[in-house]
Amino acid sequence: MDPIRHDWTRDELANLFDLPLLDLIHRAGSVHRQHFDAREVQVSTLLSIKTGACPEDCAYCPQSAHFKTGLDVERLLPLDVVRASAAQAKAAGATRFCMGAAWRSPRDKDLDAVIEMVQAVRELGLETCVTAGMLRADQAQRLQASGLDYYNHNLDTSPEYYGDIITTRTFEDRLDTLAAVRDAGMKVCCGGIVGMNEARADRVGLLHALATLPRHPESVPINLLVRVPGTPLADAPSLEPFEFVRTIAVARIAMPASVVRLSAGREGMSEELQALCFLAGANSIFYGEKLLTTDNPEAEADRRLFAKLGLVGLGAEKAGEKAGLGAGGWGEKASDCGKVADSATQECRLP
């Protein structure tokens, strides 16, 4: 098994990007199989628990108060609504429930409410993840004490391009929050966004920043920009699809033991493109109607795709049984997935 490295150079990662695509996918897939069952995909659900009116000016984000996107601003959701949403997500096969709040950083009284949500979701048997902006060390410690499994705080892009996307906080601010989360003993969910009119060198820079952290993030979401009218990036050119696959593959090679998640942007991806991403080492998705405020592929479409590819939702067996769907609500156990039939309604079906 190849060693897990934290000393990658930008030149090394750039050379990976330059490989012939099929060679790169083969190498990434081989690395993936050293650390994971390549047929297992972790399934998460993301709920916006507080929407809009964010004081940050992230150029990609419809929740920023700086842009007029027509988004309805919503206060922090009641606890019972969050609990019900988490229960529904678990019944549908999710194993992790992620909660996102549009804050620059949470106030302590806001954190009190979030902690109640974390504890309620954990009582349902789901992993928990929160994204709520920058954290102080004491806030990170409070979240860890509540039982929070993961804290999400993306780097977004390379250090060099960061100032073109966000001016209200710095790249170093983000690193400080990640350090606070690590020091508190929580797992880190951290990735970025591609397709923001950045150069390949910036995609290299993003992955270099992630892969040279003292510990790799346990979860690395790779988001494809969703161009929202009213945001400064609404007219950004589309990223060439194979370049997105290359980004997934290099992330897998550089961070071999991390879960690499296909996140925002899947609504516009073909089944074929998603299949290439899974082949290149992606092994997690968000499913459900929304990713915070933008569309996400419907769960039924994801289930059909899993069936066609012979993929299985990691840990979905118990969730499927609870929902009355039979063992493996997102597909049978991996050892049985060789039985997948042409029809999505037959063996290894996804309800």
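For every residue, the table says whether it meets (1) at pLDDT 90 or above; (2) small (Gly, Ala, Ser).
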| residue | (1), (2) |
| --- | --- |
| LEU76 | no, no |
| ARG96 | no, no |
| ALA101 | no, yes |
| ALA113 | yes, yes |
Among (1) touching a strand residue (DSSP E or B) at 6+ places or on another chain (Cβ under 8 Å); (2) modelled with pLDDT of 90 or more; (3) farther than 30 Å from GLU40 by Cα; (4) of a type outside the set (A, V, I, L, M, F, W, C) - the single one TYR150 does not satisfy:
(3)
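Here is a yes/no grid of residues against (1) touching a His at 6+ places or on another chain (Cβ under 8 Å); (2) in a helix (DSSP H, G or I):
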residue: LEU13; (1), (2): yes, yes
residue: LEU24; (1), (2): no, yes
residue: GLY29; (1), (2): no, yes
residue: LYS90; (1), (2): no, yes
residue: TRP103; (1), (2): no, no
residue: LEU111; (1), (2): no, yes
Expected single match for touching a Phe, Trp or Tyr at 6+ places or on another chain (Cβ under 8 Å) and not hydroxyl-bearing (Ser, Thr, Tyr) among GLY195, GLY125, GLY191, GLY185 is GLY195
Select from region 152-185 the residues that are touching a residue at least 60 places away in the same chain (Cβ under 8 Å) and either part of a strand (DSSP E or B) or on the phi > 0 side of the Ramachandran plot (or both) and list them in ascending order.
ASN152, ASP156
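The values are calculated or read from the model by the stated rules, or taken from the named source; none is laboratory data. This one's a predicted model, so the numbers in the text were calculated from it and none came from an experiment. Positions of Cβ are generated from backbone atoms using ideal geometry, with glycine treated the same way; all protein chains shown enter the neighbour counts.
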